[in-house]
Amino acid sequence: MTQANQNLFAALRAAFPADLDSVAVETTGGLSYSWRDIDRATAMMANLLAGLGLEEGARVAVQVEKSVEAMLLYLATLRAGYVFLPLNTAYQSAEIEYFIGNAEPAVVVCSQKNFGWVSKIAFKAGTRHVFTLDDDRSGTLLQRAAHCSDRHAPVARTADDLAAILYTSGTTGRSKGAMLTHGNMLSNALTLKDYWGWKPGDVLIHALPIFHVHGLFVAIHGALVNGSRMIWLDKFDPRAVIAAMPRATVFMGVPTLYVRMLAEPALSKEAARHMRLFISGSAPLLIETFNAWRERTGHTILERYGMSETVMLTSNPYAPDARHGRQDERRGGTVGFPLPGVGLRVRGDDGTDLPTGEIGGIEVRGPNVFKGYWRMPEKTAEEFTADGWFRTGDVGRVDDRGYVTIVGRSKDLIISGGYNVYPAEIEGYINELPGVAESALVGVPHPDFGEVGVAVVIAKAGARVEPDTVVSTLKGQLANFKIPKRCFVVDELPRNTMGKVQKNLLREQYKALFG
C-alpha cells in the first residue's frame with residue numbers, strides 16, 4: 001500500500017488471499033461468502049454511499065442485528081472514506097436520540113422493525129438518508145446497493161483520518177464518542193497479527209457482537225489482515241462453537257462465553273484438539289474459569305486488555321519470546337505485558353510514577369491511542385496528561401516481571417474513612433469462599449465513613465451462601481476498613497452486552513442502605 005493511501009480497508013484488502021473464490025466467511029445457516037463476494041459487495045455499498053453526495057468525514061450510524069452484511073457495511077464505509085458509528089442493538093429511543101443528535105450522521109441504517117421510530121429521530125436531527133438492513137439479507141440498503149457498480153477504488157485516507165466513532169458505555173454522565181483513526185486500528189491489527197502468532201490456515205470462530213471493539217475490530221481485523229476464514233455465528237451458542245472447533249483454530253470471547261461452554265458436556269480436550277488459541281477480554285476472567293478451562297481442554301486462555309479509546313493495550317504472551325530470552329507464561333488474573341509500541345505507566349494521585357507492585361492509575365500512549373472525544377475538546381484535554389499520556393481510568397499495578405494486573409476502574413474506587421478500597425481485591429477473596437460463583441463490591445454513601453462497601457454475591461448452583469458468613473470470614477483475612485458493611489446474595493448481577501457487571505446500577509440500587 002502506498003504512503004499516499006493509508007485507508008484501513010485498502011490494507012485489509014491487500015491481505016486477501018490470491019484465490020478470491022475461496023471461502024472467506026461461512027455461516028451456521030449454510031451460506032458462505034468468498035473473498036470475491038466481500039470485495040464486490042463492499043464496492044457496491046461504497047458506491048451507494050459515494051452516490052449520496054455526502055460531505056467529507058460524514059458519519060454512518062448503524063444499529064442492526066449481527067450479520068455478514070452488517071460487517072460488509074462497516075468495511076464499505078471505510079472503503080468509501082466515511083466514518084463508521086456502530087450502535088448497541090439494546091439502545092432505546094432516548095439513547096438513540098442522544099447519539100444521533102451528538103454525532104449528526106448523514107446516514108442512519110437500522111432494522112426494518114425499528115424504522116418508524118428511528119427514522120423519525122434521524123430526520124428530526126437533520127439526517128438525510130435512512131436505510132434498513134436485517135439479518136436475513138433484506139432491507140432497503142441492499143436493494144439500493146444492488147444497482148451499483150461492483151468496482152470501487154478505496155478512497156485515499158491518511159493514518160490520522162477518522163475511521164470510526166465508538167460511544168463509551170456512559171456509566172458516569174453522558175456517553176463520549178471515542179474517535180479512532182485508520183492508523184490507530186491498522187497499527188493495532190498488525191501488532192496483534194504478530195503478537196498472537198496468526199499464521200496461514202488459521203480459522204476464526206466469530207461469536208461476538210459487532211457494535212464493540214472486541215467483535216468489530218479485534219476479531220474481524222485479525223482475520224482479514226491475515227487472510228483467514230471466519231466461521232460466523234449471528235448469536236453465541238455454546239454448542240455451535242464447540243461443534244465448530246474441529247474446523248477452526250482461534251476463538252475470541254468474553255468470560256461469560258467460556259463459563260457457558262464449560263457447562264456443556266461436549267467440551268473436552270478432543271473437541272478442542274485442533275484449536276490453537278483462545279482469547280478472553282472485555283471483562284475480568286475469574287481464576288476459577290481460567291483453571292477449569294485449562295483442565296477441561298488442555299488450553300490456557302490468553303487474557304488481554306483494551307478499551308474503546310485504544311483498541312488493545314496489553315496481552316499475555318502467545319509463546320515464550322526467544323528473541324529477548326524471556327520464558328513468560330500466560331498468567332491467570334493478569335492481562336500480560338504492554339504490546340510492542342505501547343507505553344504503560346502507573347501513577348499516583350499526585351502524578352508521580354509509582355514503584356513496582358504499587359496500585360495506581362494506568363496511563364498509556366502509542367499509535368493505537370485515539371484522537372480524542374467527538375466534540376468534547378475540554379474532556380479530551382482533561383483525559384490526557386501534559387506530556388501526552390492517556391489516563392485510562394483503570395487502576396492497576398505492574399509486578400517485577402512486567403505483568404499488568406487491573407484492579408478496577410477509578411470510578412469504582414471506594415474511599416472509606418479516608419482509606420482506598422479496591423473492589424477487585426475484595427472480590428478476589430469473596431470469590432474463593434465456598435459456594436460463591438461470583439461477586440461485585442460497590443461503594444455506597446455512609447454517614448460516618450463517607451462511603452462503605454456492599455458485597456453482592458451469586459451462589460454456585462446448588463450451594464447456599466449466608467451473607468453474614470461472607471462478612472465474618474473476611475474479617476479474619478482483611479483490614480477492617482476493607483470489610484463490606486453488608487452482603488446480599490442474588491440470582492444474577494446486572495451486565496451489559498459484553499458481560500461487564502454494571503456497577504453503576506448496583507450503586508443506585510443500594511445507595512439508600514445507610515440513610
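The values are calculated or read from the model by the stated rules, or taken from the named source; none is laboratory data. Quick caveat, the model's predicted, so the values are computed rather than measured. Methodologically, a virtual Cβ is constructed for each residue, glycine included, from the backbone with ideal geometry; neighbour enumeration extends over all protein chains shown.
The rows are residues; the columns are (1) within 30 Å of Val213 (Cα to Cα); (2) part of a loop (DSSP other than H, G, I, E, B).
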{"site": "Glu451", "(1), (2)": "no, no"}
{"site": "Gly462", "(1), (2)": "no, yes"}
{"site": "Leu478", "(1), (2)": "no, yes"}
{"site": "Glu492", "(1), (2)": "yes, yes"}
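Report those strands (runs of 3 or more DSSP E) wholly inside the range 200-268 carrying at least 1 residues which are in contact with a Cys (Cβ under 9 Å, 6 or more places away or on another chain) and within 19 Å of Ala90 (Cβ to Cβ). Before you say what the answer is, go through the steps one by one.
Values: elements: 203-206, 229-232, 250-253.
It comes to none.
So, in the range 24-52, exactly how many residues are touching a helix residue (DSSP H, G or I) at 6+ places or on another chain (Cβ under 8 Å), outside any loop (DSSP other than H, G, I, E, B) and either on the phi > 0 side of the Ramachandran plot or of a type in the set (A, V, I, L, M) (or both)? Please lay out each step first, then the result.
So the first thing to find is which residues in the range 24-52 are touching a helix residue (DSSP H, G or I) at 6+ places or on another chain (Cβ under 8 Å), and the list is 24-25, 27-28, 31, 33, 38-39, 41-49.
Keeping just the survivors that are outside any loop (DSSP other than H, G, I, E, B) gives 24-25, 27, 33, 38-39, 41-49.
Checking the rest, the ones that are also either on the phi > 0 side of the Ramachandran plot or of a type in the set (A, V, I, L, M) (or both) come to 24-25, 38, 41, 43-46, 48-49.
Qualifying residue count, the range 24-52: 10.
Would you be able to tell me the number of residues in the range 50-67 that are of a type in the set (A, V, I, L, M) and either under 19 Å from the mean Cα position of the chain (by Cα) or crowded, with 24+ Cβ neighbours inside 10 Å (or both)?
Of the range 50-67, the ones of a type in the set (A, V, I, L, M) are 50, 52, 54, 58, 60-62, 64.
Keeping just the survivors that are either under 19 Å from the mean Cα position of the chain (by Cα) or crowded, with 24+ Cβ neighbours inside 10 Å (or both) gives 60-62, 64.
Residues meeting the conditions: 4.
What about Ile165, is it farther than 17 Å from Gly57 by Cα and in a strand (DSSP E or B)? Here the answer is no, as Ile165 does not meet what is asked.
Filtering Ala189, Ala159 for residues that are assigned by TED's automatic domain parsing to the domain that holds Gly51, in contact with a His (Cβ under 8 Å, 6 or more places away or on another chain), over 21 Å from Ala61 (Cα atoms) and in a loop (DSSP other than H, G, I, E, B) leaves a single hit, Ala159. Being buried (at least 23 other Cβ atoms within 10 Å of the Cβ), within 29 Å of Leu78 (Cβ to Cβ), modelled with pLDDT under 95 and outside the structural domain of Leu73 (by TED's automatic domain parsing) is true of Val254.
Residues checked against (1) hydroxyl-bearing (Ser, Thr, Tyr); (2) in contact with a Pro (Cβ under 9 Å, 6 or more places away or on another chain); (3) touching a residue at least 40 places away in the same chain (Cβ under 8 Å):
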{"position": "Leu31", "(1), (2), (3)": "no, no, no"}
{"position": "Arg36", "(1), (2), (3)": "no, no, no"}
{"position": "Ala41", "(1), (2), (3)": "no, no, yes"}
{"position": "Met45", "(1), (2), (3)": "no, no, yes"}
{"position": "Ala61", "(1), (2), (3)": "no, yes, yes"}
{"position": "Leu72", "(1), (2), (3)": "no, no, no"}
{"position": "Arg79", "(1), (2), (3)": "no, yes, yes"}
{"position": "Glu97", "(1), (2), (3)": "no, no, no"}
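For the range 209-246, give me the residue count where each residue is without any contact (Cβ under 8 Å) to a residue 40 or more places away in the chain and among the basic types (Lys, Arg). Total satisfying the criteria: 1.
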